[in-house]
1. Could you state, as a whole-number percent, how many of the C-alpha pairs of the chain are farther apart than 38 Å?
2. Using the Karplus curve 6.51 cos²θ - 1.76 cosθ + 1.60 with θ = phi - 60°, what ³J(HN,Hα) values do you get for each residue of the range 144-154, in whole Hz, with x for Gly and Pro?
3. DSSP beta bridges in the chain, what fraction antiparallel, as a percent rounded to 5?
4. Determine the gain in length on full extension of the stretch His17-Asp417; use 0.36 nm per residue of separation and subtract their C-alpha separation, reporting nm with one decimal.
5. With every protein chain present, what accessible area does Met386 have (1.4 Å probe, heavy atoms only), rounded to the nearest 10 Å²?
6. Which of rounded, prolate or oblate describes the range 253-322 when judged by the alpha-carbon gyration tensor and an a/c cut-off of 1.5?
7. Please calculate how many Å² of accessible area the chain carries per residue, with a 1.4 Å probe and no DNA, RNA or ligand atoms counted.
8. Could you give the length gained on full extension between Glu106 and Glu247, defined as 0.36 nm per residue of separation minus the Cα-Cα distance, in nm?
Amino acid sequence: MPDPLSTAELLELDRRHVWHPYGPMPGRQTPLVVESASGVRLRLAEPVEGRAELVDGMSSWWSAVHGYNHPVLNEAAGAQLGRMSHVMFGGLTHEPAVRLARRLVELTPGDLEHVFLADSGSVSVEVALKMCLQYWRSLGRPAKRRLLTWRGGYHGDTWQPMSVCDPEGGMHRLWSGVLAEQVFAPVPPAGFDAPLDESYAVGLRRLVREHADELAAVIVEPVVQGAGGMRFHSPAYLRVLREACDEYGVLLVFDEIATGFGRTGRLFAADHAGVTPDVLCLGKALTGGYLTMAATLCTPRVAEGISRGEVPVLAHGPTFMGNPLAAAVALASVELLTGRDWAAEVRRIERGLRAHLAPAAELPGVRDVRVLGAIGVVQLDREIDMAAATRAAAREGVWLRPFRDLIYTMPPYVTDDADLARIGAAVCAAAREG
Ligand code: PLP
């Protein structure tokens, strides 16, 4: 083993050589150095704001639903590592991938029966969109290659997913004019419990009808738009989309990379609406945040359509497809979740977040406080000073990563009541000081 780096050396090398998400090169911000993580706590190499440990209010971007260093997931990873960490998936198969696929088919709604095990959320969206375009091409309808989505969405950072992210307020403005031009519907009316807005629903149906000849699919984040603005909307619009897609011959894709595996209070956000999409994307919490794996599921209709084409195979096959190590941990994570009363855990977190974020509503500059399942959001009337907000949260002993006008938290489901109170205090401190 090489000598460990001092924190100062590590940070200097990081600054010079290592890209971070949406970061400049060389780096300008100083990231916190994490030495280890256990339960819901990140242990830092050097204390920040007097704290050597921070409660993770982010679940590492929606993924670490069981917390860190979990004995069951460690055991699954160790056992699989002893057998094989990776083999190519072309011409070979293995039990972890097959068992995981079968379990996902059992748990997801309706007749989503076929599973593509991709290596990241963005790739699973690429695969979903490719499935849809290839489906119509195979049926002799190549003109059906555009996509309809809501403004304000976020579906990843690779090429085709970027084209269905928010084209104006979003993170991919730089590429406007270069990406495929898609069809955008207005952001759905706010509020999970809000009654259906008939005129909005009529407009949505009209857009699908008017563009049906050129639309391959509608793709949306059901119930919660995540990184594009942390907005909640009524599940009723998912039913509107399902009906419109059926009526006008368009496929429907749900991107549940963030919402999947219980985060909104149902195992999948689609379950709030009782709607089955033609294609479903899962990621993040799939492996409990341990390893990088995502999944794209589709119905027999989509698979059979593709198989009728001139190229009767799904034209996608990444090197790390079906990675056995990730699949074994994903299976263990899914069993860990579904083997206990995860819904009660999420309800407890929802109650805690409601109670502990409520004081934020009284703070100056706070526009909205909203909670759904294990997601809490405080929206300000200004752009947040991210460094100041992060420091304020750290002083309370919590890791938060606010962006734009949003301070938000989606803690691991195992976060206890005392730590939920800490998270609430940290969100309020970030709203005051950020
Ligand atoms: N789709 C949604 C809804 C997401 O929230 C994300 C990531 O934040 C992605 C897709 C992209 O996933 P990944 O970052 O694993 O590529």
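The values are calculated or read from the model by the stated rules, or taken from the named source; none is laboratory data. This one's a predicted model, so the numbers in the text were calculated from it and none came from an experiment. Because the Cβ atoms are built from the backbone with ideal geometry, glycine has one as well, and the counts that use them run over all protein chains shown. For the accessible areas, the whole protein counts, side chains as well, though only heavy atoms, and no ligand, DNA or RNA atoms are used. Shrake-Rupley method; radii C 1.70, N 1.55, O 1.52, S 1.80 Å.
1. Details: 19953 of 93961 pairs.
Tail of the P(r) past 38 Å holds 21 percent of the pairs.
2. Values per residue, Gly and Pro as x: 7, 9, 8, 10, 10, 8, 7, 4, x, x, 9 Hz.
3. Values: 32 of 47 bridges.
If I count the DSSP bridges inside the chain, around 70 percent turn out antiparallel.
4. Working: separation 400, 0.36 × 400 = 144.00 nm, distance 4.00 nm.
Additional length available on full extension: 140.0 nm.
5. Near enough 60 Å² of accessible area.
6. Details: a/c = 4.22, a/b = 1.38, b/c = 3.06.
It is oblate, given that a/c is not under 1.5 and a/b is not larger than b/c.
7. On the way: 18630 Å² over 434 residues.
Result: 43 Å² of accessible area for each residue.
8. On the way: separation 141, 0.36 × 141 = 50.76 nm, distance 2.74 nm.
Residue separation times 0.36 nm, minus the Cα-Cα distance, leaves 48.0 nm.
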